[in-house]
Structure formats: structure tokens, C-alpha cells
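As C-alpha cells, the structure follows; a few thoughts come after it.
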Amino acid sequence: MTMLSWSVIEYSAKYEAAEELSHVKDIIKWGTDYLLKTFNNTADTIDTLVSQLGWICGENSNNTPNEQHCWMGPKDIDYPRAVTECHQGCSDLAAEMAAALAAASIVFKDDKSYAEKLVHGAITLFKFSRDGRGRYSAAGSKAERLYN
């Protein structure tokens, strides 16, 4: 979302000339709406961030269906999906999410209400990342197998 937002900021005239500006903004909004659902975006301070939805490599020992072997869209998945939360030590993840929301707020500057929501979320996530420093894929974490 960060890079896509910056491409719109830098090249919005090109997107507009190709009649794709509205489309790319819809894509960014879809992504930022998703990110806003991963934490309490109305709070000024958070202590939990949903870091992953679905199975993480190595947790599935009984060969039940999982994201590692699934080629369908999430809306078509009919089995339970695990939720992984981060309470501290995921600064890199939270800070990148903050960057994505901040960049998108510039894209949506004409929608003052949504832009303010994105900025507030970015500030909240950045504070979370600063206050609980650590790497999301640190040794021994479930995420290390996929994201190290």
C-alpha cells in the first residue's frame, strides 16, 4: 500500500490520463480498510495488533486444509482460520503499516474524514511500534519460518 500510494502521489496525472486513477484509489482503499481492521483504530494507544490471519507454516501437523496449500480466495475458505496477534516486538510490521496509512492519507487528502482516520491510525501504529520495539520475524517466533 505504501508503494502504490506513492506511485499515485507522484504520477496521479498519468493514472488520470489512463483513466485508472479511480481504480487505483479503490485498490488502495481496500488495502487501507483492511489494515485499519487489524487494530483498534479509534484508540490513541494500542497493545495488540493482528499480525496474521490464517495458518503459519509449521503449525499444521494433522494435514487439515491451510493457506500453505490453498489456491482459493479468502472469501471462499470454509474452514477455521487462526488469528495471530502481536502484543509487542513487531515494530517493523507496525511501522510499515503506519507508513502505508500515512502515504494513503495523502492520496485521500480530498476526503478529509478518511484522510484523518488514516493519519490517526498511522500515529497510533507508529507509537505502538516505537513503544514495543522488536522484529516481527525474530528468532523463535512463528513468523520466522516465512518472513525472516
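For (1) in contact with an Asp or Glu (Cβ under 8 Å, 6 or more places away or on another chain); (2) surrounded by 15 or more Cβ atoms within 10 Å (Cβ to Cβ); (3) in a helix (DSSP H, G or I); (4) modelled with pLDDT of 95 or more, each residue gets a yes or a no:
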site: SER5; (1), (2), (3), (4): no, yes, yes, yes
site: VAL8; (1), (2), (3), (4): no, yes, yes, yes
site: HIS23; (1), (2), (3), (4): no, no, yes, yes
site: LYS29; (1), (2), (3), (4): no, yes, yes, yes
site: SER51; (1), (2), (3), (4): yes, yes, no, no
site: GLU59; (1), (2), (3), (4): no, no, no, no
site: GLN68; (1), (2), (3), (4): no, no, yes, no
site: TRP71; (1), (2), (3), (4): no, no, no, no
site: ASP92; (1), (2), (3), (4): no, yes, yes, no
Near pairs, Cβ below 8 angstrom, 6+ apart or cross-chain, from the stretch 92-119 (under 16 Å from SER12 (Cα atoms) and free of Cβ contacts under 8 Å to residues at least 24 places away in the same chain) to any residue that is in a helix (DSSP H, G or I) and charged (D, E, K, R):
SER105/GLU116
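The values are calculated or read from the model by the stated rules, or taken from the named source; none is laboratory data. Just so we're clear, the structure is a prediction, and the values are computed from it rather than from any experiment. Backbone-built Cβ (ideal geometry, glycine too); neighbour counts: all protein chains shown.
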